[in-house]
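K.L.:
What follows is a single structure, and I will ask about it in a moment.
The values are calculated or read from the model by the stated rules, or taken from the named source; none is laboratory data. Please read these numbers as outputs of a predicted model, since none were measured by experiment. Neighbour counts are summed over all protein chains in view; Cβ atoms, including those assigned to glycine, are modelled from backbone coordinates with ideal geometry. Quick note on the areas: whole protein, heavy atoms, side chains included, nothing else; ligands and nucleic acids left out. Shrake-Rupley method; radii C 1.70, N 1.55, O 1.52, S 1.80 Å.
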Amino acid sequence: MEKVEYAPIDRVVVLAILLPIIFLIAVKVSVELYTEYLWFESLNMASLFVSMLLYRFEYFLLFFAVSFMVLSINNLMLRKASYEFLGESIKIPVWVDIFLSMFLAYTFSLNWVEFVYFLKSENFNISDPIFGLDASFYAFKLPFYAKLISLLSVVLMLSIILSVAYYGYLFRWVRSLEELGEIFPQIGFAHIAFLASFFLVILASFFYLSRFEILTSQHGIVAGALYVDVRIKIPLLLALAALSILSIPITIYLAAKREIKFIAIPAVILLIAGFTLYVPPALVQKFSVEPNELVMEEEYIGYGINFTRAAYGIDVIERKSYSATGNLSIEEIGKNEETIKNIRLWDHRPIASVFRQVQQIRTYYTIRDVDVDRYYIDHKYVQVMISARELSTDLLSAKAKTWLNTHLIYTHGYGVVAAPVNSVSKEGLPELIIRDIPPMGKINVTRPEIYYGELTNDFIVVKTLQKEFDYPKGDINVFTTYSGIGGVPVDSPLKKILFATRFGDINLILSKYITEESKIMFHRNIMDRVKTLAPYLQYDDDPYITVINGKLYWVIDAYTSLNGFPYSQKIYWKGASINYIRNPVKIFVDAYNGSVSYYIVAYEPVIQVLSKAFPQLYSDSMPEEFREHIRYPKDLFRIQSEILSLYHMEEPRTFYNREDVWEIPQELFEEKRIDMEPYYVILKLPDSDKPEFLLMLPFVPKGRDNVIAWLAARSDEKYGELLLFEFPKGELVYGPMQIEARIDQDAEISQLFTLWGQSGSRVIRGNLLVIPIENAILYVEPVYLRAENAQIPELRGVIVAYNDVLVMRPTLDEAISDIFGVEKEKEVAKKVEGIEREDLVQIAIEIYRKAMEEAGKGNWSGFGEMLERLGEVLEQLNTTTLG
């Protein structure tokens, strides 16, 4: 046989291509890592950075070692086969195995927290009903095993591809399997046996682990394993796993006998046998289970209900009866004065417009959103709407967007704006309790600068020779120099070079303003900041700002979630599928110094694992002044409400028949039907002796509009407690859309809305609030008016409904007084006195002005139309005056 010559690979060319690329990547990674380390160090979190890096490296190293070992064995056997055939080895360069192993290790180790969960696993003390394993196996162990099997599968696939290519090249002149079997080296048969056996081991592991994964599947009436899964699929999977292991010696025997045609037969038979996972279960399901589904699945439905309730934390809800038959009197209203005084009349959307118009002060300031908190003001517990006044360099004029302005001068926002939720001025605007620059009002703010916020996306340099803009004062600007502890020192030329490299900004090297005293601030966006410190947590979409001892802090709710809790219903949340969630951590970010504190408010297994892995990050000693401003988060409450709407049915038969499904009610906002959002209130719960800050939401039966129950989450002394108040069956309690319909059908309110609309103003109906008081329900809906071409909405009326009575008045107090019979005048006279007379005069003036505009344009048809409208309004005004 003629010897075939093989061309060697030019290593010099390969190295010439790879080395510069490797060098550039190494420089970039090194700079990123070191500057990131300096940032962690500035927060006294250097050990946290090292811990996270070590876990990542260990996970990477584990997968690299596994991949490299398998690929190296494969490479070694290929070389031995070529040596046996040719008398010399055709080598696959070792860098190929290293590169592939590094790529696989990097790809598979991205979710490195799986490794932390595996190493630090904590028990849930909840065992699954099928295998008797603690839920921690499914949450913390099984994902790691599955990831390892996936890696081995990919490594095996690459090994097979490399082997086929290698042998194909080595025996490219062979034309038949018989000929190949005659000349194929014995070590080659051993190699094929190794790959086939490796495949069978992976297949056995896959079948074995799939038994447990069925308990987290989502394919039936409830999540988890049902009758067919437990009685048919799980035993079949165990049998297939055993058959896979038993096939290994058969495969080795065929390889030893040089039976190249038959080596793959055991693997093929197993793959065909895998179809038994589909046919027998489908037949049993169709002909045995479906005709008797409730009887055969009842046990497993119960498992699904109980585990889902536990996974979402609704198993601890305290259920109470709430009879709405109470007859409220003005005396009982007086006993609940704090509840009435804290009914939210300002929806966050209209009040945000007001804050922006009256308190942004300058074009470069912006108010992103409005948040809800509570404070003691004048010795009273008051619910407050509050917003941060942040600075956005994007709002600077084009000429002002210089490097100096963006990174050294315009460095921080300034102060907050706040108003009680129910305070209204004579002009129909909120009464501000924190306002202006510098901030003044009933809540003292001594450190108003906001260096860290929701809009602070650029890096800045402080303590430079260039003073920073602090705030505007009349026609001049006040400047300052940062005096806090935030930022990373730029105290050497090397650090300047490193940060210039990281941010791609040579000005950090060239600028004469930057001295050894200077500090660079980055990761200033609070969400970016907390995600950098703890990337494995999920975070609430709505951070809120609060004032504590005169300083500004951002509060962020952090969540732990899992995708592998047994027998739990999965939902899609924040771009991922989850079936377990908790809110164990509250994060406080100092808006001036940037310090970040992670406080554990509730221990559960996931946070126990994380606090054990990263003890330097978490604390359970929250200062009392911080605790006064934590609140039950809307994100979690919304998820729990959605789950509760179905899983409040704890009896399997009721659940199976869907006899009592609830849903979140709808309401009207700006004439559009929207799902009702959870809302914060201060009210006194039944059997409670004082008002407290709550998050609540009502429920309605599916397909109907009457209220059936309401859920409340506590935020004060008994933080985290959930209470479900259910109305008696058969008792009709109006729901939000029924109240909205009654408002639409009220002739006088509709007439007033029409008159407002005729003057070109836009009527905005705010959120309808369902307020429980003394075993009764009060409904409150604010009404805003936005004049044509105006940006500021005004609160022009409050609609209150109780039982069959519904009124609209200029203020909440007047509406409640009318509802409960304090005012004795006629209903028509009261409405006129309260709202119509003053408004009709304003409407008449506005229509007259428009008529003059139309006349000035020569549009006489428009003038006639306005004149006709003016006549209608004047007649109405005359009627109300005489009345």
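K.L.:
Assuming R0 = 35 Å, can you tell me the calculated FRET efficiency for the pair F131 and Y253, based on Cβ-Cβ distance, to the nearest 0.05?
P.N.:
Numbers: r = 34 Å, r/R0 = 0.98.
For R0 = 35 Å, the calculated efficiency reads 0.55.
K.L.:
Give me the number: length gained by fully extending E32 to N803, i.e. 0.36 nm times residue separation minus the C-alpha to C-alpha distance, one decimal in nm.
P.N.:
Result: 271.1 nm gained on full extension.
K.L.:
Sticking with this structure for a sec: Could you please state, rounded to a whole Å, how far the C-alpha centre of segment 649-676 is from the C-alpha centre of segment 591-611?
P.N.:
34 Å
K.L.:
Something else: Of Y559, N549, N507, which is farthest on the positive side of the dipole of segment 502-612, counting Cα position, with +1 on Lys and Arg Cβ, -1 on Asp and Glu Cβ, and the Cα centre as origin?
P.N.:
Value: Y559.
K.L.:
Taking loop as defined by DSSP and a crowding limit of 12 other beta carbons within 10 Å, which trypsin sites (Lys or Arg not before Pro) in segment 425-464 fit?
P.N.:
The qualifying sites are K426.
K.L.:
Provide the convex hull volume over Cα atoms per residue for segment 397-525, in Å³.
P.N.:
142 Å³
K.L.:
I want to check a number: in segment 1-142, how many lysine pairs have alpha carbons closer than 28 Å, given a sequence separation of 8 or more or different chains?
P.N.:
Lysine pairs, 8 or more places apart or on different chains, close enough: 4.
K.L.:
Could you state the accessible area per residue of segment 16-55 in Å², with a 1.4 Å probe and every protein chain left in place?
P.N.:
60 Å²
K.L.:
Using the per-residue mean of other Cβ atoms lying within 10 Å as a proxy for protection, in what order, highest first, do the peptides 809-818, 785-794, 133-142 fall?
P.N.:
Packing order, densest peptide first, comes out as 133-142, 809-818, 785-794.
K.L.:
Helix 94-108 sits at what angle to the longest principal axis of the chain, using alpha carbons and giving 0 to 90 degrees rounded to 10?
P.N.:
Once rounded, one gets 30 degrees.
K.L.:
Here is a follow-up. At a 10 angstrom cut-off on C-beta neighbours, averaged per residue, how do the peptides 65-78, 616-629 rank from highest to lowest?
P.N.:
65-78, 616-629
K.L.:
Among T654, Y679, P623, which residue has its Cα positioned farthest towards the positive end of the charge dipole of segment 590-694, with +1 placed on the Cβ of Lys and Arg, -1 on the Cβ of Asp and Glu, and the dipole taken about the Cα centre?
P.N.:
P623
K.L.:
How much mean residue ellipticity at 222 nm does the chain get from its helices, if each DSSP H run of length 4 or more adds -39500 (n - 2.57) and you divide by all residues, to the nearest 500 deg cm²/dmol?
P.N.:
-13500 deg cm²/dmol
K.L.:
Here is a further query. Out of segment 244-316, which trypsin sites (Lys or Arg not before Pro) are coil in DSSP terms and have no more than 12 other C-beta atoms within 10 Å?
P.N.:
For trypsin sites (Lys or Arg not before Pro) across segment 244-316 that sit outside H, G, I, E and B with at most 12 neighbouring Cβ atoms in 10 Å, the list reads K257, K261.
K.L.:
Give the accessible surface of segment 198-296 per residue, rounded to a whole number of Å², with probe radius 1.4 Å and ligands, DNA and RNA excluded.
P.N.:
Values: 5040 Å² over 99 residues.
Normalised by residue count, the accessible surface of segment 198-296 is 51 Å².
K.L.:
A follow-up question, please. Do you know the relative contact order of the chain, to the nearest whole percent, from alpha carbon pairs under 8 angstrom that are 6+ apart?
P.N.:
Details: 1438 pairs, mean separation 92.5, N = 883.
For the chain, the relative contact order is 10 percent.
K.L.:
Moving to a separate point now. Suppose R0 equals 22 Å; then what is the FRET efficiency for L209 and F275 from their Cβ-Cβ distance, rounded to the nearest 0.05?
P.N.:
Between L209 and F275 the formula returns 0.70.
K.L.:
Turning to a different aspect of this structure: Compute the length gained on full extension between F23 and R175: take 0.36 nm times their separation in residues and subtract their Cα-Cα distance, giving the result in nm to one decimal. Intermediate values should be presented prior to the final figure.
P.N.:
Details: separation 152, 0.36 × 152 = 54.72 nm, distance 4.60 nm.
Stretched fully, the F23-R175 segment lengthens by 50.1 nm.
K.L.:
Measure out, as a whole number of angstrom, how far apart the alpha-carbon centroids of segment 114-128 and segment 299-350 sit.
P.N.:
That distance is 33 Å.
K.L.:
Same structure again: Tell me which aspartates and glutamates have Cα within less than 20 Å of K442's Cα, excluding those fewer than 8 residues away on the same chain?
P.N.:
The qualifying aspartates and glutamates are E338, D371, D373, D378, E431, E625, E628.
K.L.:
Tell me the carbon and sulfur percent of the accessible area for the chain, rounded to whole percent, probe radius 1.4 Å.
P.N.:
Reported share for carbon and sulfur atoms: 57 percent.
K.L.:
Between the DSSP loop rule and a limit of at most 16 other Cβ atoms within 10 Å, which trypsin sites (Lys or Arg not before Pro) in segment 48-120 are left?
P.N.:
Numbers: sites: R56, R79, K80, K91, K120; in loops: K91, K120.
Those that pass, being in a loop and sparsely packed, are K91, K120.
K.L.:
Where Lys and Arg each count +1 and Asp and Glu each count -1, what net charge lies around K519 among other residues with Cβ under 13 Å from its Cβ?
P.N.:
Overall, the nearby charge balance is -1.
K.L.:
I've got another one for you. Classify segment 632-681 from the C-alpha gyration tensor, please: rounded if a/c falls under 1.5, else prolate or oblate depending on whether a/b exceeds b/c. Present the calculation step by step, with values, prior to reporting the outcome.
P.N.:
On the way: a/c = 4.01, a/b = 1.69, b/c = 2.38.
Oblate, because a/c is 1.5 or more while a/b does not exceed b/c.
K.L.:
Angle check, please: helix 747-758 long axis (alpha carbons) against the longest principal axis of the chain (alpha carbons), in degrees 0 to 90, nearest 10.
P.N.:
80 degrees
K.L.:
Place the peptides 471-479, 797-805 in order of packing, highest mean first, counting for every residue the other Cβ atoms within 10 Å and averaging per peptide. The partial results should precede the final answer.
P.N.:
Numbers: 471-479: 11.7, 797-805: 19.8.
Peptide ranking by packing, descending: 797-805, 471-479.
K.L.:
Given the C-alpha centroids of segment 57-103 and segment 138-203, what is the distance between them in whole angstrom?
P.N.:
The two parts, judged by their Cα centres, are 13 Å apart.
K.L.:
Checking the table K496/K551; K335/K718; K399/K463 against a 27 Å threshold on Cα-Cα, which pairs fail?
P.N.:
Pairs exceeding the cut-off: K496/K551.
K.L.:
Let me ask you something else. Could you give the length gained on full extension between L246 and T515, defined as 0.36 nm per residue of separation minus the Cα-Cα distance, in nm?
P.N.:
Going from the current span to full extension adds 89.6 nm.
K.L.:
If you average 1/r across every pair of different Cα atoms in segment 672-797 and take the reciprocal, what Kirkwood value do you get, in Å? If you can, show how the numbers build up before the last one.
P.N.:
On the way: mean 1/r = 0.0603 Å⁻¹.
Every distinct Cα pair counted, the radius reaches 16.6 Å.
K.L.:
Given 10 Å bins starting at zero, what is the percent of C-alpha pairs of segment 338-439 in each, up to the one with the largest pair distance?
P.N.:
Calculated P(r), rounded to whole percents: 15, 42, 26, 12, 5, 0.
K.L.:
Express the accessible area of segment 599-735 per residue in Å², computed with a 1.4 Å probe while the remaining protein chains stay in the model.
P.N.:
40 Å²
K.L.:
Once Lys and Arg get +1 and Asp and Glu get -1 on their Cβ, which of A139, L200, L158 lies farthest toward the positive end of the dipole of segment 123-243?
P.N.:
A139
K.L.:
In bins 5 Å wide, starting from 0, what share of all Cα pairs of segment 107-151 does each bin hold, as a percent?
P.N.:
With a bin width of 5 Å, the distribution comes to 5, 23, 28, 20, 13, 8, 2, 0.
K.L.:
Let me know the volume per residue of the alpha-carbon convex hull for the chain, in Å³.
P.N.:
Cα convex hull per residue, to the nearest whole number: 244 Å³.
K.L.:
About its Cα centre, how strong a charge dipole does the chain have in debye, to the nearest 20, once Lys and Arg get +1 and Asp and Glu get -1 at the Cβ?
P.N.:
Taking the Cα centre of the chain as origin, the dipole is about 3260 debye.
K.L.:
What FRET efficiency, computed as 1/(1 + (r/R0)^6) with R0 = 25 Å and r the Cβ-Cβ distance, is obtained for D491 and S595, rounded to the nearest 0.05?
P.N.:
The pair D491/S595 has a calculated efficiency of 0.80.
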